[in-house]
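The values are calculated or read from the model by the stated rules, or taken from the named source; none is laboratory data. This one's a predicted model, so the numbers in the text were calculated from it and none came from an experiment. Methodologically, a virtual Cβ is constructed for each residue, glycine included, from the backbone with ideal geometry; neighbour enumeration extends over all protein chains shown.
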Amino acid sequence: MEQWELIEQNPWWENPEKINEDSKIKEFSHSRLQWFPRIFNEFDFSSFKIYTIRGMRQVGKTTLLKLLIRKLLHENYPSKSIFYYSLDFTHSYKEITEIYRKFKLYAEGNGIKKTFVFLDEITSVLNWQRAIKHLVDIGLAQNSVFILTGSSAIDIKKGSERMPGRRGGGMELDKVLLPLSFREYMENKISLPENFKILLNLEDFLALSEQSLTTYLMHYPQIQNLFEEYVQVGGLPMAVNELWQKGSISKETYDIFLSVIISDIEKWRLKRTILKQVMKRVYEIFGSRWSWQGLAKGIDVGSFHTVTQYVETLADSYILSILYFFDPSRRKILPKKEKKIYFLDPLIFRLFASSYGISPASYGEPIVFSKLIEGVVFSHLLRISGENLSEGLSYLENLHYWYSKRGSEIDFVIQREKSLLPVEVKYQEKISPSDYITLSRVFGKGLVLTKKECFKREEIIGIPVSLFLALSR
């Protein structure tokens, strides 16, 4: 590897101001959406650390790295101490070692000991952990802070080395970049009402008085309008920015996201022909209960295990998630019971819907729209349930659902250390006691997320979905 190859990806070595000419920084600066994800401020650059950032492609990981680099440059760290490299075309973990050594020699040749290393899409390189482990073990990485990104968690399952005790910290080093939540969508588009600036924990909602609910309800019309917009577009930055600037999302943007999903599947040596069949079948059963054998019906594969592999790969690529049945009496997941699937973002839902032949005009229809809303609620609960998302979305430890032998169902059950919190989505004009009788009988408490009604009935709180998503953390 020649030195010019490193300089090509790090133009700020020559002049720190050149960071502003970077394509991602220019794109960010000219965007109407100026989104700084919450994890932007969660990095400690003071001492040796090895961070990972995971998330689906096109969610903004590269832009986040470039913003962090710009931050370091603005804080007057030596420009030659900051190293970025995209590993999209790197094929061997040994190449990673060579790339880092080359940079380290360059930095030391300029009198620099402490360095900041940003390696983009490292999880696309098989056994990448071996390279980082080797650099740590021989003492070559001790004066560096590493931030490594990837669009999949499959490497955790396939990787032979997780580097325990070698990273300078614990679970806080593993970050996941998700699309904008509805709250973030709001924050970036409007000035928040004063009483919405204080966020609530899930348990705080159960303690709300009817007077507090009424106070929040005053802002319902404005927030509901934003919510209906968000349910259509989702939180992927490219789509949000295009909607805000042009008023709609182009077919080209959908094609980009579809090609990303296909390329990630093919990277793991799976077939796009089967993927498209799986996408169609997943849309058919979205939000319903299913078994692996039932999901495989109509798909041209020899065994349901093949379909399992495709769905779990999509889940570990942050495209969708699998929700398991939870038994409250035994306080455990029962993996053999029927499962459910939810998409991480409304735009992904629309991609899968198009594979089934659903036209864009259908997304506003009540049945389709209610599915979108349930998915948005799932995605929000995923963020606030305390899950360790860095290991993918194929098996969640804190977020589940429940159903009875008679067919009664609770959409979501959040497992806490000492308690359970059930959440039911009832996006309909009128709510009656029969809509939450299962919450009362089985759990004795819970949240009912409505279309527009607010109420408190003992330990049952009803609140519009839009207000809940705007207020909860």
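Assorted remarks:
- Residue that is closer than 19 Å to ILE341 by Cβ and surrounded by 15 or more Cβ atoms within 10 Å (Cβ to Cβ), where the choices are LEU243, LEU275, LEU226, LEU217: LEU275
- Considering segment 26-41, the residues that are free of Cβ contacts under 8 Å to residues at least 60 places away in the same chain and in a loop (DSSP other than H, G, I, E, B) include one that is farthest from TYR185 (Cα to Cα), namely HIS30.
- Within segment 340-380, being touching a strand residue (DSSP E or B) at 6+ places or on another chain (Cβ under 7 Å) and free of Cβ contacts under 8 Å to residues at least 60 places away in the same chain holds for ILE341, TYR342, PHE343, PHE378.
- Flag: GLU397 matches the condition of being at pLDDT 90 or above, surrounded by fewer than 17 Cβ atoms within 10 Å (Cβ to Cβ) and among the acidic types (Asp, Glu).
- Number of the condition not met by LYS61 [criteria: (1) buried (at least 17 other Cβ atoms within 10 Å of the Cβ); (2) touching a helix residue (DSSP H, G or I) at 6+ places or on another chain (Cβ under 7 Å); (3) charged (D, E, K, R)]: (2)
- Extreme residue, surrounded by the fewest Cβ atoms within 10 Å (Cβ to Cβ), among residues of segment 79-114 that are in contact with a Phe, Trp or Tyr (Cβ under 7 Å, 6 or more places away or on another chain) and under 20 Å from LEU68 (Cα atoms): LYS80
- Condition check for PHE378: touching a His at 6+ places or on another chain (Cβ under 8 Å) and modelled with pLDDT of 95 or more: no
- Residue count for segment 259-272, restricted to those that are surrounded by fewer than 18 Cβ atoms within 10 Å (Cβ to Cβ) and closer than 15 Å to SER354 by Cα: 2
- Filter pass, GLU397 being within 22 Å of GLU284 (Cβ to Cβ) and touching a strand residue (DSSP E or B) at 6+ places or on another chain (Cβ under 9 Å): no
- Among the candidates ARG406, ARG457, the residue that is surrounded by fewer than 12 Cβ atoms within 10 Å (Cβ to Cβ) and over 28 Å from the mean Cα position of the chain (by Cα) is uniquely ARG406.
- Residue within segment 17-27 that is more than 30 Å from ARG183 (Cα to Cα) and surrounded by fewer than 13 Cβ atoms within 10 Å (Cβ to Cβ) present: yes
- The residues of segment 53-86 that are outside any loop (DSSP other than H, G, I, E, B) and aromatic (Phe, Trp, Tyr), listed by number, are PHE83, TYR84, TYR85.
- Every residue from segment 230-268 that is without any contact (Cβ under 8 Å) to a residue 40 or more places away in the chain and in contact with a Leu (Cβ under 9 Å, 6 or more places away or on another chain): THR253, ILE262, GLU266
- Which listed residue, of SER329, SER370, SER359, is surrounded by fewer than 18 Cβ atoms within 10 Å (Cβ to Cβ) and over 24 Å from ASP411 (Cα atoms): SER359
- Residue that is farthest from the chain's Cα centre (by Cα), among those in segment 93-112 that are among the charged types (D, E, K, R) and under 21 Å from SER46 (Cβ atoms): GLU108
- Restricting attention to segment 45-63, the residues being out of contact with any strand residue (DSSP E or B) (no Cβ under 7 Å at 6 or more places or on another chain) and in contact (Cβ under 8 Å) with a residue 24 or more places away in the chain number 7.
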